[in-house]
Every structure is written in C-alpha cells, then in structure tokens.
Amino acid sequence: MKLLTCLKQIPDRDTRYEINAAGTGIKTSDLTFEISECDEYSLEESLKLREEHGGEVAILTLGPQRAEKSIRKGLAMGADRAILVRDDEGKVTTPHAVAKVLAEVLKEEEYDLILTGTQSDDWSYAQTGVLLAELLGLPHATIVMEIRADPAQKKVKALREMESGWFQWVELPMPAVLTIQAGISQIRYASLKGIMQAKKKEIRNVELSDLNVDLSSVPEVEVLKVYFPVVEKKAEILQGSTAEVVEQLVEKLKKEAKVI
Amino acid sequence: MSEKIYVLIDHGEGEIRTPSLESLALGQRMAEETGFSLHALILGNEIGPLAERLGKQKVDSVLLVEDQKLANYDPDVYCRALSEILTEDQPYLFLMGHIYQNIDLAPKLAAAINRGLVTDCIGYRKEGDDFVFVRQMFRNKLNADVQFRSEHPWIVTLQTGATSVDELKEGSGQVVERSLDLSAVELRRKPLEAFEATQGKVDLSQAELIVAVGRGIKKAENLKIIEELAEALGAEIAASRPVVDSEWLSRDRQIGSSGQTVSPRLYLACGISGAIQHIVGMKNAQCIVAINTDPNAPIFNIATYGIVGDLFEIVPALTKKLKEA
C-alpha cells in the first residue's frame, strides 16, 4: 500500500504563549516545535498499515524550513521519505489554501490512502483533511478511531467516532482520505537505529513558487486579532494551607451546598 | 437586496439535535440585529413533523428537503444538496453546529462551492455592517477574531454551548418544501455497523456523586488516590478524554461531548482543565469543585468552589478529612 501522511509542525503544546507585535498570532522566536498530536497518531497508523500490508509511507508537510526537524522525527519513527513544501514567509494561512497547495503536490504522487490529523493543536480548524479530499475528488471519513484496509479489493473500513459515545464503521473505495483522532493507538518511539537511518532518508523540498497554485482564487478569511480570553472566575477560591482548604471545602459541601 | 441567514438543522432518532437549536437561537439574534430574514434548513426523509416543529420557532421559513437518499447522513449526497441550495439561494450566512457530523461535512461543502468557512466559533460581534467571528485556538488558551474576506455565503460552525437553547424565541414560519434531483449522486461511503461505546457498561447519568480525573493525574498508578477519595465519598469515578485515551480508565467513564452527560449533586474535578468538550458533559452538576494547579484553568469559570493547588497533596488530605468526619 502507498500511504501518505500529512504532518504539521506546531509550537510546543505546553508553552505559555505570548502575542506577537502585530497582535495577529503568537511570538514564535523563543518556542520549540513539535508534530501536532493527531498528525503523529496518523503517522503511527500509516506505519502500522505498512507493517500489515507492505508498501511505503511518505510524509507531506507544508511549512517553513524548521519543519524539517519534525519531519526527521517522522522519518526516524519509520516513514520512508518526505516532501516539504517550503513556505518560509508564511504566505499560506487558511486551511483552504493549505489544502489547495497539498492537492497540487499530490497530483504528482501515487497513493492508496491519505491520512491527516482530525485537527491541529494550534489553530484547530478541523478542515484541512476534508478540504483536501474534496479538492482531489476523493471520498473521506473523519474522526477515525480504527482502520482496516483491504488493498486487494481496493477498499478500506474506518471506525468513525460520532456524537454522544456512538461509533460507526464505514467502508470507502481507495484511494481515500481519513482524518485521524488522537488516542487511536500508542505512538511508537523512534529507535536509535531509526534515528540513524532517518539522516539518510530523502526530504524533497518544493518551493511554493514552483507550484502552479493560484492562491488568489481561495476564499480568504482574515485573523484580525489574537488575544487571551477574559476569564470571569465564578468559583469561590478557597485560600490557605492544604489542611485549611480541605477543612473549608468539607464544611461548605455539608453546610452551604448541602451535597454530602 | 434582501439578505438571508440559513441555519442547518441536524436531527437523529426523530429528534432535532440541541446544537442545531443553539445555532437557530444565534441566528435569531443575528437576524434581529441586522433585519435579515432567518430560514431553518432541514434535510432528511419523512421528517415533516420535525419541520412543523421548527415552524413554531421565530423563523421566516422552514426549508424542507426530503429524499430517500437523505434519510441518513452521507457526505456526498448532503454536500450536493446543500451546494445546490446555497448556490441558488445565495444566503449571506450559513450556520451549522460544530458537531462531528458537520466536521465531516462543512469543509467538503466549502471546497465544493469554493466559499470561506470558519469553524468552531464561540460567538460573534457586529463591527459596522460586518460580522466578526470569535473562535478559540491553541487548545482554548487563546481567542481569535476572524473576518471573512470571501464571497457569500459565509459558512460558520458554532461550538456546542456557544449559545443557549433557552434564548430560542417562538413564532411562526411557513414550511416550504423544496425538491432536488439527487438521483445522479453516487454514495461512495457505505455505512456499516454502528454501536454505542457505553452500552451495557457503566451508566454515570444517574450518579449522585462523581469524582472526575483529568490529565493532571499524570499516570495510571496515581489513580489510587482518586479511587480512595471516591470510596470515602461513596462516589463514582469519571474521567476527561486524555485519561481515557491513555487507557488509564475505560471509555465508558468518559464525560463530555464524546462521552456521557451527567448531572450529579456533586462533581469533583481533579486535574481537569475544563475544555469545552468536557464541560458540556457536566456543567449541569448542582455543585462543582475544581482542584487544579493552573489558576487560569477554565474549569474555575464554572466551578462553585475552587482549590488552586497540587491534587497530589489536596486529594489525599481531603480523603483523610472525609474519613474523620
């Protein structure tokens, strides 16, 4: 099977962010970066499918040069090769534009399944995978929790998470796009051997300007302002030492709220 | 030019989904502010009674599209039906709930008709003649104001709980049947078996006391202190999604949009930051206690009592105190 996984590099999830000077994003100068969580799960699923059915796993990333570090991690986990569409100036801003660029690169590629994360941990639009499927004319399934591929029949079964704790299996003809939910499996660590091998694997750089994409035709959505939400604290915060707050809490639960 | 706001009404098992009613309530507010007309759009098969019910809300009309192919949600046929309607009617705005079904559908629709889409909005502001939409990002740590620069219709999905169904106003709107020729649409995605994860397992909906645990517990071995607290209280144990994803507790103990909805007398949240997906499942608890190290954790916005501190200190001390009493 030919598997293609879209990886996005995002700022470290546990950082305390600062707003940039323009007020339209976060300061990235002092941050470390990592692979978006759902995307890492989608790479793990690709690797598992290759182990089961043979074939190849390719990584496709759109981002600046620093994204190479995350791609190397993916290669160390076991992906065979990678394509980085270089957008050093951050020209591609909306999910629609990202999908348009990725779709253009994919015209030159062969694949049975494209796996993406359901949503990213930075802007969290939850759009790119589905936009990509429609632009490529492919069927898709979102919020996938399990995959069973049948390459001989060119079919894939995907378990979709639905509302209120319901799940449903769906079957799609391949090629198809699946967007992967976090928590679908355990993500492997890169082995030392994997890390050594990754150094020799190919990351093909593609310049945005070399692609035949007209971004002016993409519907534009502008981020005017990014800010910290105003927190209106409703809770009565109990003050004091551990012993004191615990005593206050038990007292309040019994006498004030009368719930225990 | 008469401007129109369309709201997609999702339904399942003969009921209108609550997030759609929330979207309708927001649509009503926007229509009032702008003087635009408001239209509820419902797709399905044999859903006349649902359309009638929508007609009792304050809407200018209810657009009813019935077809056998629309009986169950399918991305190909739903996208085609909506593409046709939106292209023909050209509403100013198309609202839908940010539920799993629309996460599956909305981007496909946006690509199909090449229109802008802003997902998971928590509200909007009027700026002059324009709408600015507010959404969360970076795991809800930051908000962003976004504005469409694209042609109408603008497609917007709304976070569950962004508005309240209590705001919904009654009125009367005529049901208008709309027929579409969907015979040529090929349904590529075949639905197979569906099942409920919680079926026959732990039912927390009737629990009076719940001790819930989140990412802050750090590892499975640490759950012991939660178990001891639950035992001292005689409470059930529940969890937020990360705990279940890490397989430290079974999925049937998950609270939130992809788990169970509970309304106990006491909900004691330990190491849960309070993402909206969790909050929608427990906000109706009579009394909420939050224990968290981060004083800015959103759980404190909805809690009755809060303790800013390390759960590894607070929880055992609380267990001890309860046993003494």
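Read the figures in this text as sums done on the coordinates, not as results from a lab. Remember, predicted model here, so these are calculated numbers, not experimental data. All Cβ positions, even for glycine, are placed from backbone atoms using ideal geometry, and neighbour counts span all protein chains on display.
Data table
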item: Proximal aspartates and glutamates to residue B:218, defined as alpha-carbon separation beneath 16 angstrom and excluding residues fewer than eight positions away on the same chain; result: A:14, B:227, B:245, B:247, B:294, B:310, B:313
item: Rounded FRET efficiency, nearest 0.05, which uses the C-beta distance separating residue B:219 from residue B:29 and R0 of 56 Å; result: 0.80
item: Normalised alpha carbon radius of gyration of the protein assembly as shown [divisor 2.2 N^0.38 Å]; result: 0.98
item: Cα-based Rg and Dmax for region B:30-98, where Dmax is the largest Cα-Cα distance (Å); result: 12.8, 37
item: Nonlocal amide H pairs with residue B:121, under 5 Å, H built at 1.01 Å; result: B:157, B:158, B:159
item: Cleavage-rule hits, chymotrypsin sites (Phe, Trp or Tyr not before Pro), region B:1-107, DSSP coil, Cβ neighbours within 10 Å at most 12; result: none
item: Other-chain or far-sequence residues with amide H under 5 Å of residue B:93's (modelled H); result: B:4, B:6, B:154
item: Under DSSP loop assignment and at most 13 Cβ neighbours within 10 Å, longest trypsin sites (Lys or Arg not before Pro)-free interval of chain B; result: B:220-325
item: Within 10 Å of each Cβ in B:131-141, the average number of Cβ atoms from other chains; result: 5
item: Cα→Cβ-extended label distance, 7 Å offset, between residue A:91 and residue A:69, nm; result: 2.5 nm
item: Part-to-part distance (alpha-carbon centres) for region B:96-124 and region A:138-162, which is given in Å; result: 22 Å
item: DSSP-loop GluC sites (Glu not before Pro) across region B:224-297, with at most 16 other Cβ within 10 angstrom; result: B:247
item: Under the Karplus curve 6.51 cos²θ - 1.76 cosθ + 1.60, θ = phi - 60°, whole-Hz ³J(HN,Hα) for region A:183-194, x wherever Gly or Pro sits; result: x, 5, 7, 9, 6, 6, 8, 6, 7, 4, 4, x
item: Calculated from backbone phi, Karplus (6.51, -1.76, 1.60) coupling profile of region B:215-229 in Hz, x at Gly/Pro; result: 3, x, 6, 6, 8, 4, 4, 6, 4, 3, 5, 6, 4, 5, 5
item: Residue (of A:152, A:191, A:31) at the positive-pole extreme of region A:2-211, dipole from beta-carbon charges; result: A:191
item: Cleavage-rule hits, GluC sites (Glu not before Pro), region A:38-116, DSSP coil, Cβ neighbours within 10 Å at most 10; result: A:89, A:108, A:110
item: Which of B:111, B:209, B:185, positive extreme of dipole for region B:85-213 (C-beta unit charges); result: B:111
item: Rg [Å, one decimal], Dmax [Å, integer] - region A:2-211, C-alpha atoms; result: 16.6, 54
item: Test item: B:262-272 mean partner chain Cβ contacts at 10 Å; result: 1
item: Among A:218, A:144, A:230: highest mean-square fluctuation, GNM of chain A, C-alpha pairs under 10 Å; result: A:230
item: For residue A:162, distant residues with modelled amide H under 5 Å away; result: A:167, A:168
item: On Cα atoms only, tilt of B:100-113 relative to the major axis of chain B in degrees; result: 30 degrees
item: Residue-wise HN-Hα coupling along region B:56-62, computed from phi with Karplus coefficients 6.51, -1.76, 1.60 (Hz; x: Gly, Pro); result: 8, 8, 6, 9, 7, 7, 10
item: Label-point gap, in nm, between residue A:109 and residue B:130 - each point 7 angstrom along Cα→Cβ; result: 3.5 nm
